[in-house]
Amino acid sequence: MKISVKTNSRTQMIDITSQVQQAVSSSPVKNGLVHICSMHTTAAITINENADPSVESDILETINTIVPWDNNYRHMEGNSAAHIKTSLFGASEMVPLENGRLVLGTWQGIFFCEFDGPRQRKVNITAIPAG
Ligand code: ZN
């Protein structure tokens, strides 16, 4: 299964929890694991707090400080910072699935992390049945 995510700035976190839940709900798998994977080299997936939007902005401000956009990188495309951030965050996450519902903590959400937007992006979702 694939979902589309439209981003509208260079660096952005977008809560995709409900889109992932919707995709999984149309799958015959009800119990197991859900793999959520970014299909890009400059965009990642992470799980973090989706209650206070300040958490998102703190994460983004901090990662932008740790990995500045300009730093005499060699990569000709000019977006090495986005590649580095993507590897630091990771391309995918796994979430347990119980009775057709994603098992997440009260404050947890699944975020698509854009590091070289704005772009139209794709996320692949695989529901793996429990053995
Ligand atoms: Zn590049």
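Taking the conditions (1) free of Cβ contacts under 8 Å to residues at least 24 places away in the same chain; (2) not in a helix (DSSP H, G or I) in turn, Ile84 satisfies each one other than (2). Taking the range 32-62 as the range and being in a helix (DSSP H, G or I) and either out of contact with any Phe, Trp or Tyr (no Cβ under 8 Å at 6 or more places or on another chain) or under 18 Å from Lys122 (Cα atoms) (or both) as the test, the residues that pass are Pro53, Ser54, Val55, Ser57, Asp58, Ile59, Leu60, Glu61, Thr62. Residues that are in contact (Cβ under 8 Å) with a residue 12 or more places away in the chain and β-branched (Val, Ile, Thr) were ranked within the range 38-61; the one that is farthest from the ligand (Cβ to nearest atom) is Ile47. Considering only residues in the range 74-96 that are surrounded by 14 or more Cβ atoms within 10 Å (Cβ to Cβ) and among the charged types (D, E, K, R), the one that is nearest to the ligand (Cβ to nearest atom) turns out to be Lys85.
Rule-based calculations on the coordinates, nothing more; no lab input. Computed from a prediction, not measured in an experiment: that's the story for all the values here. Here the Cβ is made from the backbone with ideal geometry for all residues, glycine too, and neighbour counts use every protein chain on show.
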